[in-house]
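The next block holds one structure in the form of structure tokens; read it before the comments.
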Amino acid sequence: MFAKVSSAAVNGIEAYPVEVEVNAGWGDTVIVIVGLPDTAVKESRDRVSTALTNSGFKFPMGRTTINLAPADVKKEGPSFDLPIALGMLAASEQIETDQLDNFFIVGELALTGGVRPVKGVLPIALRAKTEGKAGVLVPTDNAAEAAVVDGLAVIPIQNLREAAAFLQGEITIAPTRVDIARMFEHQPEDELDFADVKGQESVKRALEIAAAGGHNVLLIGPPGTGKSMLAKRLPTILPPLTLAEALETTKIHSIVGLLAPGQGLVTRRPFRAPHHTASDAGLLGGNINPTPGEISLAHHGVLFLDELPEFKRSVLETMRQPLEEGRVTISRAAGTMTFPSEFMLVAAMNPTPDGKMPGESHCSPREIQSYLGRISGPLLDRIDLHVEVPQVKFQDITGGRPGEPSAAIRERVVAARQRQQRRFANRPQITCNARMGTRELKQFCALDESTLEMLKMAMNELKLSARAYDRILKVSRTIADLAGADHITAEHVGEAVQLRSLDRQIWG
């Protein structure tokens, strides 16, 4: 007998349909899986056969051939266990159903017949809706994740026998439903707050500008000045995720397996802080079949690189394309993958190897130059704001007056972002000022003659590049948005230039 079960797999961050074809024939009792299965898929033979027996079903006698189509794409992971088992039951006439093609079915089987969660359920659910399927059969722990897709019946499955009974119509399982609006409304309060930071008002102002426009930031200062403390509080002033952004972010986290059991949606902007020993593959994504790395996990959020010069230079240089284009392309023998990576880069570093400013350091000029040389000029050019983080004054540490809370700063940031959304209403691909292209710079960042002359003098004095010119215009536009101004003035440009000049003092 022959049976066909609809399933799906993930390639990059998108899912594609997979037909699980099962044929039960004569001959020696053996299970053969074809269709470019990886080791985890091949091992499903033993998991499925044991799960069938422990679930009270008969193990099919004779030669059972299982084909995973399309056969020219490599299949990975244990998510085909459940559809294979159901296909074997249908092919051996132990169940009778016409529902196997109406649902995408995924799930890993335990030896007892229980169904365990798998990765990538949200992209699979989205593809099921695109393919016009009635719904999906998924592990119970993945049901909330799939249920965020509107108009799709999500059937939570606890074990193999339950799946078989549902498909035969013997039992009814209520589809899982979630309230997306409630997910966004009921979020845990932030444990971190800018009110905890003593002093550093100029740095807070720079981070507010960065959050308002989605700009990259480099924090330079001696140890103990609060660089990490400030960076970790940046997500508390960022605007909330939109539903579209939350779905994109959740897809990436689902593929990597970072969603907690029962978690349906990532509703808070991610904050990723990889260690400086991270490899190219760890940061960009990789492996034999490329998977998202840290910069994609930070999509729509913050990527914090502490001790920036300690990262391998080759690792830092690979970030130039993602910073410029908002996506990362990885080429491997198995194929080429493109992952989204629209993140805010926040980097922190000491000005010299011993942590002191260049004029106070005891390191030799060669040591300082070697330390700073780990960060290339092109990478620095792609960072919009270069901010000095000075030592905190004693009176600020001991003073009783708390700093401005994150909630107050966030209100101004959200207001500035709303101005940008109205400005770019006809350009949905541009989400904030930092993502403006050449055409938008000409249209929305026009300067009067006196302001343009001032910027020309600053660029000549600081020897800034053409890319730095564009970055200054974008930051100036953000400062104007925070001030509620329709046009960029000399005051806005002056502050943007000041936030761009620190690297010239240190790097020369």
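If DNA, RNA and ligands are ignored and the probe is 1.4 Å, what is the ranking of 72, 470, 38, 81 by accessible area, most exposed first? Before the final figure, lay out the partial values.
Numbers: 72 125, 470 55, 38 30, 81 0 Å².
Descending accessible area places them as 72, 470, 38, 81.
How big is the charge dipole of the range 81-192 about its Cα centre, in debye rounded to the nearest 20, if each Lys and Arg gets +1 on its Cβ and each Asp and Glu gets -1 on its Cβ? Before the final figure, lay out the partial values.
Values: 8 positive and 17 negative charges, 44 e Å.
Value, rounded to 20: 220 debye.
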Residue farthest toward the positive end of the dipole of the chain, with Cβ of Lys/Arg at +1 and Asp/Glu at -1: which of 501, 476, 441?
501
Computed [θ] at 222 nm, helices only, for the chain once each DSSP H run of length n ≥ 4 contributes -39500 (n - 2.57):
-10500 deg cm²/dmol
Debye calc, one equal point scatterer per Cα of the chain, no solvent, log10 I(q)/I(0) at q = 0.07, 0.09, 0.12 1/Å comes to -0.48, -0.72, -1.05
Relative to the Cα centre, what is the charge dipole magnitude of the range 307-430, using +1 at the beta carbon of each Lys and Arg, -1 at the beta carbon of each Asp and Glu, and rounding to the nearest 20 debye?
600
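Could you sort 276, 299 by their accessible area in this structure, using a 1.4 Å probe and putting the largest first? It would help to have the intermediate numbers written out before the result.
Working: 276 60, 299 5 Å².
Of 276, 299, the descending order of accessible area is 276, 299.
Would you mind calculating the relative contact order of the chain from Cα pairs under 8 angstrom and at least 6 residues apart, reporting the percent as a whole number?
Here the relative contact order equals 13 percent.
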Set the Förster radius R0 to 30 Å, insert the Cβ-Cβ distance between residue 181 and residue 102 as r into 1/(1 + (r/R0)^6), and round the FRET efficiency to 0.05.
0.55
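Using a Förster radius of 60 Å, what is the FRET efficiency between residue 192 and residue 453 based on their Cβ-Cβ separation? Nearest 0.05, please. Present the calculation step by step, with values, prior to reporting the outcome.
Values: r = 43 Å, r/R0 = 0.71.
Between residue 192 and residue 453 the formula returns 0.90.
Of 469, 16, 371, which has the most accessible area and how do the rest follow, probe 1.4 Å? Provide the component values of the computation, followed by the final result.
Numbers: 469 70, 16 35, 371 10 Å².
From most exposed to least exposed: 469, 16, 371.
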With the charge dipole of the chain built from beta-carbon charges (+1 for Lys and Arg, -1 for Asp and Glu) about the Cα centre, the Cα from 432, 66, 30 projecting farthest to the positive end belongs to 432
Expected output is a single nm value to one decimal: the length gained when fully extending between residue 460 and residue 40, i.e. 0.36 nm times separation in residues minus the C-alpha distance. What is it?
145.2 nm
List every residue whose amide H lies under 5 Å from the amide H of residue 99, counting only residues 5 or more places away in sequence or on a different chain, with H placed 1.01 Å from N in the peptide plane.
none
Compute the helix-to-body angle for 449-462: its Cα long axis versus the longest principal axis of the chain, expressed 0 to 90° and rounded to tens.
90
Points 7 angstrom from Cα along the Cβ direction at residue 307 and residue 392: gap in nanometres?
2.2
Report the charge-dipole magnitude of the range 195-283 in Debye, nearest 20, computed about the Cα centre from +1 at each Lys and Arg Cβ and -1 at each Asp and Glu Cβ.
200
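Can you send over the carbon and sulfur percentage of the accessible area for the range 1-140, probe radius 1.4 Å, protein chains only? Write down the numbers at each step before the final one.
On the way: 2960 of 5890 Å².
Looking at the range 1-140 in its full context, I get 50 percent from C and S.
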Please give, to one decimal in nm, the separation of the simple spin-label points placed at residue 490 and residue 28, each 7 Å out from Cα toward the Cβ.
9.0
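The values are calculated or read from the model by the stated rules, or taken from the named source; none is laboratory data. Keep in mind that what you see is a predicted model, and the values were worked out from it rather than measured. Glycine also receives a Cβ, built like all others from the backbone with ideal geometry; neighbour counts cover every protein chain displayed. Heads up: the accessible areas ignore ligands, DNA and RNA and are worked out on the full protein's heavy atoms, side chains in. Shrake-Rupley method; radii C 1.70, N 1.55, O 1.52, S 1.80 Å.
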